[in-house]
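Visitor: Let me begin by handing over the structure; questions about it come next.
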Amino acid sequence: MWGKRADVIVRTEAPFNAEPPPTLLAANEITPVEAFYARNHGLFPDIAPGQWRLDVGGLVDTPMTLTLDRLTTGFDHHTVVATLACAGNRRAELLRARPIPGKDPWEHGAISTAAWCGVRLADVLDAAGVYRRDGLHVEFLAPDIAAEARPAQAYGSSIPLEKAMSHEVLLAWQMNGQPLPRAHGGPVRAVVPGYIGARSVKWITAVTVRDHPSHNYFQEVDYRILPPDADPDTAAVGDGIPLSRLPLNCDILAPTGGDRIGAGEVVLRGWAMAGDGQGIGRVDVSIDGGHTWRQAQLHTARSKWAWSLWSLSVDVVPGPLSITARAWDDTGMTQPESPASLWNPRGYGNNAYSRVDVRVM
Ligand code: MTE
């Protein structure tokens, strides 16, 4: 479906939501397009490259409408290797603490890494004569309608102008050297490295500079950490903490929970990433429930905006085996210990220690 491999786990067909098996993520620094996770709130718009237009307006001197031709020929091209992670990744572990009705139980795979090629949003905003004041925000809008929003509306989001002007934020039309597929926002999407995936708006058709964050449902209501006792169905506009920068996080990708593995040497694999471009200091792994820890080997990240894959070879004996991993960033911060302590009504932002239980035969 939509060019994905047969072994991706489809959460919903329409809108299309799917995650790759964790071992496939672990095997590739750059996720193949046919395995890259897909997270959608509506049906895919079908925009022919020749029909695509981008309106750039709001607090700018010269509003413009760009065609794909003008975007690709009028500005310098840049490639950024960046990991996209959905705020709902690892929700399944929160669900084990308490139910979260109506939300997909993403396991380990609502995260993937690609080489994105496009132009810097900053260059486009500069060409439009963007106002340079503190406190401005850049809103992205797309044509896909999200029925779950209240009221139903087209998908949108915003990021602070300061982030929008940074070098890593792209308007991208290529993914891993291929034209951006329709499933991932083709012809053109925003790519906002270091922020939750929700801000990387696909099929982008408008960029508007405003003196407030977007009033779109996915900025003002959803993608927020509500207090544990809040009712998401009655939460008011502006309730909760809006998510933007990704927190320090890591996960175990191989083996997978419930696996049966052979005794002897086994290579444990996973990823780690620090918040908004920060570096990873270390990844610790325990196979005795956190009594003792060993340091995993960190593989060099492809960029400041990409995950670091890690691995560790351990010897295991028959019986139940519980594997725990935790990352530290280069400021000495580590992750919270338990997913239960992070439970929130919409199930976002799980960055607790990662734990996988397997049986050694
Ligand atoms: N953009 C539009 N227009 N519509 C969407 O539903 N989903 C967002 C974001 N951009 C979405 C969107 C979310 S929640 C995520 S996590 C990422 O796209 C996922 O990008 P992907 O499907 O390319 O992996």
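The values are calculated or read from the model by the stated rules, or taken from the named source; none is laboratory data. Values in this document were obtained by computation on a predicted structure and should not be read as measured data. Cβ: placed from backbone, ideal geometry, glycine included. Neighbour counts: every protein chain shown.
Visitor: Picking from Arg90, Arg98, Arg132, which residue would you name as being outside the structural domain of Trp307 (by TED's automatic domain parsing), in contact with a strand residue (DSSP E or B) (Cβ under 9 Å, 6 or more places away or on another chain) and of a type in the set (D, E, K, R)?
Guide: One residue alone meets the criteria, Arg90.
Visitor: For the list (1) part of a loop (DSSP other than H, G, I, E, B); (2) touching a strand residue (DSSP E or B) at 6+ places or on another chain (Cβ under 8 Å), I need the number of the one condition that Val10 fails.
Guide: (1)
Visitor: Moving to a separate point now. Of all residues in the range 168-205 being under 17 Å from the mean Cα position of the chain (by Cα) and in a strand (DSSP E or B), which is farthest from Ile225 (Cα to Cα)?
Guide: By that ranking, first place goes to Met175.
Visitor: Tell me which residues, restricted to the range 201-223, are in contact with a Lys or Arg (Cβ under 9 Å, 6 or more places away or on another chain) and more than 13 Å from the ligand (Cβ to nearest atom).
Guide: Asp211, Val221, listed by residue number.
Visitor: Could you give every pair whose Cβ atoms fall below 9 Å, whose first residue belongs to the range 221-237 and is in the same structural domain as Ile100 (by TED's automatic domain parsing), and whose second residue is of a type in the set (D, E, K, R) and outside any loop (DSSP other than H, G, I, E, B), counting only separations of at least 6 or pairs across chains?
Guide: Tyr223/Arg199; Ala235/Arg224; Val237/Glu220
Visitor: Would you please name the residue that is farthest from the ligand (Cβ to nearest atom), looking only at residues in the range 155-184 that are closer than 17 Å to Phe16 by Cα and touching a residue at least 40 places away in the same chain (Cβ under 8 Å)?
Guide: Arg182
Visitor: Separate question: If you take the residues in the range 3-34 that are within 11 Å of the ligand (Cβ to nearest atom) and aliphatic (A, V, I, L, M), which one is surrounded by the fewest Cβ atoms within 10 Å (Cβ to Cβ)?
Guide: Among those residues, the one meeting the criterion is Val33.
Visitor: Please specify each residue of the range 125-148 satisfying the condition of being farther than 16 Å from Arg210 by Cβ, assigned to a loop (DSSP other than H, G, I, E, B) and either of a type in the set (Asp, Glu) or near the ligand (Cβ under 10 Å from one of its atoms) (or both).
Guide: Once the filter is applied, which keeps residues that are farther than 16 Å from Arg210 by Cβ, assigned to a loop (DSSP other than H, G, I, E, B) and either of a type in the set (Asp, Glu) or near the ligand (Cβ under 10 Å from one of its atoms) (or both), the range 125-148 yields only Glu148.
Visitor: Separate question: Mind checking which strands (runs of 3 or more DSSP E) fall wholly inside the range 232-320 and carry at least 3 residues that are surrounded by fewer than 17 Cβ atoms within 10 Å (Cβ to Cβ)?
Guide: Passing ranges, in order: 264-273, 308-316.
Visitor: Would you be able to say whether some residue in the range 258-274 is under 26 Å from Ala296 (Cβ atoms) and within 16 Å of the ligand (Cβ to nearest atom)?
Guide: The answer is yes; a qualifying residue exists.
Visitor: With the condition kept exactly as written, say whether any residue in the range 66-86 is within 16 Å of the ligand (Cβ to nearest atom), surrounded by 15 or more Cβ atoms within 10 Å (Cβ to Cβ) and either assigned to a loop (DSSP other than H, G, I, E, B) or not assigned by TED's automatic domain parsing to the domain that holds Trp173 (or both).
Guide: Yes, the range 66-86 contains a residue that is within 16 Å of the ligand (Cβ to nearest atom), surrounded by 15 or more Cβ atoms within 10 Å (Cβ to Cβ) and either assigned to a loop (DSSP other than H, G, I, E, B) or not assigned by TED's automatic domain parsing to the domain that holds Trp173 (or both).
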